[in-house]
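J.: I have a structure here, written as C-alpha cells, and I will follow up with some questions on it.
The values are calculated or read from the model by the stated rules, or taken from the named source; none is laboratory data. In this text, all values refer to a predicted model and were calculated from it rather than measured experimentally. Note that each Cβ is placed from the backbone with ideal geometry, even for glycine, and that neighbours are counted across all protein chains shown. Heads up: the accessible areas ignore ligands, DNA and RNA and are worked out on the full protein's heavy atoms, side chains in. Shrake-Rupley method; radii C 1.70, N 1.55, O 1.52, S 1.80 Å.
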Amino acid sequence: MSVEVRLVDPLEALHSTRDEREDAAFRVGLVVPQSGPLGLTGPSALDGALLAAHEVNAGGGVLGRPLELVLVDGGGAPERVAAEVRLLLDAGVLEAVAGCHTSDVHRAVEAVAAGRTAYVYTPPHEGGSRLPGVLCTGIDPMAQLGSAVGELTIRHGLRRWAMVGNDYIWPRSVHRAAAGLAVRAGARVVLERRIPFGAVEGLLEPLLDELRAARADALLLSLIGRDLVRFNRALRRSGLDRRLVRLSGALEENGLLALGGDDTGTLYAAMPSFATLAEERRQDLAERHRALCGPWAPVLDAYAVGLYDGLHLLAALAARRSLAPSGLLAAAGRLLGGEGARRAPVHLARAEGLGFSVLS
C-alpha cells in the first residue's frame, strides 16, 4: 500500500461517496482551525494529523484501506462548522470525525455527530458529560490546573489572582476551577474578565487599568490564539509582564513564537506536551515529523500531538471494528488499558526566550 496521504477537500468528498468508489478509502473528517481565533495553531495540528495518517498507511491502513483526511476548517462560527460536518455525514462520505478546535465548535459538532459516528476530540476541554460516540482524549480544567495554580502560588508567594479569558465555554470552566484552586492555595481572586473573540485589541487599556487597580500579582490567561498573543504583547508594552506571574492553559510553542518569545521568567504554561520535553517518545515524534515534513515545518505543539494520538487511537479502534457510537468509550478504555479515554500527564513549563523549560 502506498504511504501517500490524501488531504481531501470537502467538495471533492461530496462528489465521491463510499459506495461509488471501488477502492474506498477510510475517510475521516478532520476538523482543525485554518482561520479564526485558533488559526495560528492550524498548520501544526494539520502536520500532526498528516504524520499520524502517514504512519497508519505505512502500517497497512485501516483494515487494508488507505486513511484519507477530509479537511474542514474548524475556525469558523460553530454553527457553520457543524453544518459542514452534517453535510458530509448526510452524504455518507465519512467513517469518523476527529478534531482539535475550540469547545464551542466542539459542542456544535457533537450535536450533529453524536450517535451517528465516532467523533474524537483531542485538546484540553471544559469537562462534563458527552453524548454517545463522542470521545474526549484531552484533559479537563481540574486535571490541567490542579497542580500548577498551587505550585505557582507557593513558589512566588502569590496572594491576588486575576483571570482574563475569552467568553465561551472553556474559559468559564477554567475560571471556576482556578478560583477554587487559588483559594485552596491561600490566595484569592480579585478580578475576572471574559472577552469576546477578537475584542481584546479594543479593550486593552481598560483591562490593564483594572489589573493595576486590583493590585493583582498573578494572572490566569484563558485567552486563546491570537487574542492571547495580543494581550501578552500589551502586557509587555505596559511593563506589567514583569510584575505579574502569568499562567496559561492555552499557550504553546506557536503562540510563544508569535508573541516574539518571553524572557521575564514569569510566563508559565500548563499543557500535556512541550517540544522540549525530555522524553524519548516526544523527541522521536519530532524526528519523524522533520523527516516527513522537512526542517522548516512548524513545531508540533501540544494540540498537534494530541491530534496525532487521537487519529492513531481512532485507527486502532476501527481496526478492531469498535467504532459503534454506543460502545466507543468502553472500547477505548479496553484498548488503552483503563477506564475511558487516555489521560495525558500535565507539565508545567516556563517560557524562556522562544521556547519552554519544562519544570514538572
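J.: In region 280-360, what percent of the accessible surface is made up of carbon and sulfur (1.4 Å probe, ligands and nucleic acids excluded)? Intermediate results must be reported in sequence, preceding the final value.
T.: On the way: 2180 of 4080 Å².
It is 53 percent, rounded to a whole number.
J.: Length gain on complete extension for the stretch Arg215 to Arg116, per 0.36 nm per residue less the alpha carbon to alpha carbon distance?
T.: Values: separation 99, 0.36 × 99 = 35.64 nm, distance 5.07 nm.
Working it through step by step, the gained length comes to 30.6 nm.
J.: Tell me what the chain gives for mean residue ellipticity at 222 nm when only DSSP H runs of n ≥ 4 count, each as -39,500 (n - 2.57), the sum divided by the residue total, rounded to 500 deg cm²/dmol.
T.: Working: 13 runs with 153 residues, N = 360.
Roughly -13000 deg cm²/dmol at 222 nm, from the helical runs in the chain.
J.: Continuing with this model, one more query. Name the residues of region 56-75 whose amide N is less than 13 Å from a point 7 angstrom out from the Cα of Ala297 along the C-beta direction?
T.: Backbone N within reach: 56.
J.: Still on this structure, I have one more. Can you tell me which of Pro123, Pro345, Pro78 moves the most in a GNM of the chain? Springs connect C-alpha atoms under 10 Å apart.
T.: Pro345
J.: What percent antiparallel are the DSSP beta bridges of region 223-360, to the nearest 5? Intermediate results must be reported in sequence, preceding the final value.
T.: Numbers: 9 of 12 bridges.
For region 223-360, the DSSP antiparallel bridge percentage is about 75.
J.: Could you tell me whether region 226-314 comes out rounded, prolate or oblate from its Cα gyration tensor? Rule is a ≥ b ≥ c as square roots of the eigenvalues, rounded for a/c under 1.5, then prolate if a/b exceeds b/c, otherwise oblate. Write down the numbers at each step before the final one.
T.: Details: a/c = 2.37, a/b = 2.13, b/c = 1.12.
Here region 226-314 falls in the prolate category.
J.: Which length gain, in nm to one decimal place, applies between His312 and Leu336 when the Cα-Cα distance is subtracted from 0.36 nm times their residue separation? Show your work: numbers first, answer last.
T.: Details: separation 24, 0.36 × 24 = 8.64 nm, distance 1.17 nm.
Stretched fully, the His312-Leu336 segment lengthens by 7.5 nm.
J.: Right, another one. Enter the angle in degrees (range 0 to 90, nearest 10) between the Cα long axis of helix 42-58 and the first principal axis of the Cα atoms of the chain, meaning the one along which they spread out most.
T.: Roughly 40 degrees, rounded to the nearest 10.
J.: Hey, any idea what % of region 37-78's accessible area is carbon plus sulfur with a 1.4 Å probe?
T.: Numbers: 640 of 1020 Å².
Looking at region 37-78 in its full context, I get 63 percent from C and S.
J.: Pick out, in residue order, every one of the trypsin sites (Lys or Arg not before Pro) in region 112-169 that is DSSP loop and has at most 16 other C-beta atoms within 10 Å; say none if there are none. Let's see the in-between values first.
T.: Values: sites: Arg116, Arg130, Arg155, Arg159, Arg160; in loops: Arg116, Arg130, Arg159.
Passing sites in region 112-169 are Arg116, Arg159.
J.: Would you kindly derive the ³J(HN,Hα) couplings of region 347-358 from the backbone phi angles with the Karplus curve 6.51 cos²θ - 1.76 cosθ + 1.60 (θ = phi - 60°), listing them in order in whole Hz, with x for Gly and Pro?
T.: 10, 9, 9, 10, 5, 9, x, 9, x, 10, 9, 6
J.: What figure, in Å² to the nearest 10, do you get for the accessible area of His125 with a 1.4 Å probe and non-protein molecules left out?
T.: Rounded to the nearest 10, that gives 10 Å².
J.: Shifting gears a bit: So how much accessible area does Ser238 have, in Å² to the nearest 10, using a 1.4 Å probe?
T.: 40
J.: Can I ask one more? If you put +1 on each Lys and Arg Cβ and -1 on each Asp and Glu Cβ, how big is the dipole of the chain around its Cα centre, in Debye rounded to 20?
T.: Numbers: 39 positive and 41 negative charges, 271 e Å.
Roughly 1300 debye, rounded to the nearest 20.
J.: Would you mind working out the accessible area per residue for the chain, using a 1.4 Å probe, and quoting it in Å²?
T.: Values: 14350 Å² over 360 residues.
That works out to 40 Å² per residue.
J.: Same structure, new question: Rounded to the nearest 10 degrees, what's the angle between the helix 225-238 long axis and the longest principal axis of the chain, both from Cα atoms, 0 to 90?
T.: Helix 225-238 and the main axis of the chain meet at about 20 degrees.
J.: Against the longest alpha carbon principal axis of the chain, how many degrees, from 0 to 90 and to the nearest 10, is the axis of helix 169-184 turned?
T.: For helix 169-184, the angle is close to 40 degrees.
J.: Can you tell which of Leu277, Ser35, Leu220 lies farthest toward the positive end of the dipole of the chain, using +1 and -1 charges on the Cβ of basic and acidic side chains (Lys, Arg; Asp, Glu)?
T.: Comparing the listed Cα positions along the dipole, Leu220 ranks first.
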